[in-house]
Amino acid sequence: MANEKPVKLEIDGKFFEFLVTKGTEDEKSFDISNLRSQTGYITMDNGYANTSSCTSKVTFLDGEKGILRYRGIPIEELAEKASFLEVSFLLIYGYLPTYKELEIFKKNITQHTLLREDLVKLYDGFPRTAHPMAVLSSIVCAMSTFYQDSLSITDPAQVNLSITRLLAKLPTIAAFSYKTSIGQPKIYPKNLLDYCSNFLHMMFATPAEEYPVPKEVSEALNLLLILHADHEQNCSTSTVRLVGSSGANLFAAISGGICALWGPLHGGANQAVMEMLEEIHQGGGDVKKYVEMAKDKNSKFKLMGFGHRVYKNFDPRASIIKKACDKVLESLHVHNPLLDIAKQLEAVALKDSYFIEKKLYPNVDFYSGIIYSALNIPVNMFTVMFALGRLPGWIAHWKEMNDSSTTKIGRPRQIYTGPTLTHYTPWDQRVVSDQQQILSHSPDNALGVRFKKAA
Ligand code: CMC
């Protein structure tokens, strides 16, 4: 990281200098840490689209060129050659493990796959219809109550124990939430199986019947998890860093990341894509109608699985998944009409000037749901699969933040646009205001009635 000539800004007729930081891939930023104290101004950056919140050595991404590298290694190479646990080690510890290191790492993870039995009892408290992402995030947060011997964020041994526990237990937690939702007995982990096969076994075996995991299925899962393993400062990773910046324990930070991932604009997009493709299919397959709807500003409809904050030419993960999709469906002898719809939709959108001008391309979630369906993963588990994949990335960023001597608690500012100084009015002198409308939506109707009478 070399320091460049400072940037000069003219503010209210005076010049101010800001130090420039250049990354190893020539990305440039200027440091505004002293902006407010020097000038009285702060910056406004809706959605943080122009703000770097940290320096990071984990993942490099060039959205214009469609480049994604974990610790410098292209995603295409990792997708072709690596195992998910190897990639997890790479992301978290910063280098590719030796054979022996990987064996130890795997053995440690294998030995922590079980959940405490009293933690398993928590599943009985959730409604059967609960979304598995809600269960996942709740159980992960609850880990901080059951595994109190690894809550320290300063003791490296405890940190490593928490990391191992999370990587080992997340597949168990996810599969248990699925089994609970369908009313089947939970299937305990089988430590002879590899990471992906073990997860699939817990999902699909029953006490009455074994599930011999097809090789194509565990390989496809391995690929999908690698593709999702990290994506630098996205919404959920930034959430993990933000929660962690307060000194909260790792389980709490990861639980926050799972909640952030849940939304349809982020990891929840894979579920939303499948629901959209199903709707188009059920409605007769008129893809053009949906492309038109996505362009119509009044419709609020978006083409799910399209567009990305940083990729403006193509998402390299989507290119890999599209190829894998054809291969997986063929080897499993699955014909999914939704794949045909997805391809038609992509072809129409990519020729449309709206999508071309706004640089909207299929993202990682456009085709991932179709593969997950072919693997028999239910739609409401898709975002959980994304969380399983993203876990090592979240941990790597949390660790980088936690190990850094320059980390500060995350605390953005705001430009206040509310009322200026206003004084307290006794309730019987208050006039009807816009708040009345808010209260009319209040679930506590009695409150609304009292307010209206008083006014
Ligand atoms: N369909 C139709 N129009 C779109 C879409 C879409 N999928 N995505 C963006 N636009 C339009 C948007 O309306 C805006 O138009 P205008 O400039 O006229 O206001 C313009 O393109 C720029 O979009 P934006 O929403 O300002 O861009 P953003 O960077 O804030 O949002 C995004 C990125 C991914 C949230 C957005 O493209 C989107 O909502 N896509 C659909 C949801 C989705 O697939 N999310 C998964 C992302 S990949 C998985 C992950 O890493 O989380």
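We did not get these values from a lab; they are worked out from the coordinates using the rules stated. These figures come from a predicted structure and were not determined experimentally. Quick reminder, even Gly has a Cβ in these numbers, built from the backbone with ideal geometry, and neighbours come from all protein chains shown.
Worth a mention:
- Under the Karplus curve 6.51 cos²θ - 1.76 cosθ + 1.60, θ = phi - 60°, whole-Hz ³J(HN,Hα) for the stretch 185-200, x wherever Gly or Pro sits: x, 6, 9, 7, x, 10, 6, 6, 8, 6, 3, 6, 5, 4, 4, 5
- Sum of side-chain charges, Leu242 neighbourhood, beta-carbon under 12 Å (Lys, Arg +1; Asp, Glu -1): +3
- Other residues lying with their Cβ under 9 Å from the Cβ of His228 contribute a combined charge of +1, Lys and Arg counting +1, Asp and Glu -1.
- For the pair Gln282 and Lys81, a Förster radius of 30 Å applied to the C-beta separation gives a FRET efficiency near 0.15, rounded to the nearest 0.05.
- Rounded to whole Hz, the Karplus (6.51, -1.76, 1.60) HN-Hα couplings of the stretch 94-105, x for glycine and proline: x, 8, 6, x, 6, 4, 5, 4, 5, 4, 5, 4
- Unit charges on C-beta of K, R, D, E only; dipole of the stretch 179-295, Debye: 300 debye
- In this simple spin-label approximation, Ser299 and Asn46 carry label points 7 Å from Cα along the Cα→Cβ vector, and these lie 2.3 nm apart.
- The separation of the stretch 102-120 from the stretch 247-287, counted between C-alpha centres, amounts to 27 Å.
- Annotation: the residues Lys343, Lys14, sorted from fewest to most other C-beta atoms within 10 Å of their own C-beta, follow the order Lys14, Lys343.
- Compactness index (Cα Rg / 2.2 N^0.38 Å), the stretch 295-334: 1.63
- For the chain: rounded, prolate or oblate by the Cα gyration tensor [a/c cutoff 1.5]: rounded
- Anisotropy class of the stretch 278-374 from Cα gyration tensor, a/c 1.5 cut: oblate
- Here the relative contact order of the stretch 43-162, from alpha carbon pairs under 8 Å that lie six or more residues apart, stands at 11 percent.
- Cβ crowding within 10 Å averaged over residues, with 171-177, 308-314 ranked highest first: 171-177, 308-314
- Label separation (Ala347 vs Lys100): 5.6 nm, computed from points 7 Å beyond Cα along the C-beta direction.
- Sorted peptide list for 230-237, 75-82, criterion being average Cβ within 10 angstrom, highest first: 230-237, 75-82
- Rounded to the nearest 20 debye, dipole of the stretch 233-331 from Cβ charges on Lys, Arg, Asp, Glu: 440 debye
- Span from the the stretch 161-184 Cα centroid across to the the stretch 358-404 one, whole angstrom: 16 Å
- Dipole magnitude of the chain, debye to nearest 20 (Cβ charges: Lys/Arg +1, Asp/Glu -1, about Cα centre): 860 debye
- Whole-Å distance, taken between Cα centres, linking the stretch 27-80 and the stretch 213-231: 27 Å
- The stretch 124-202 shape via C-alpha gyration tensor axes, a/c threshold 1.5: oblate
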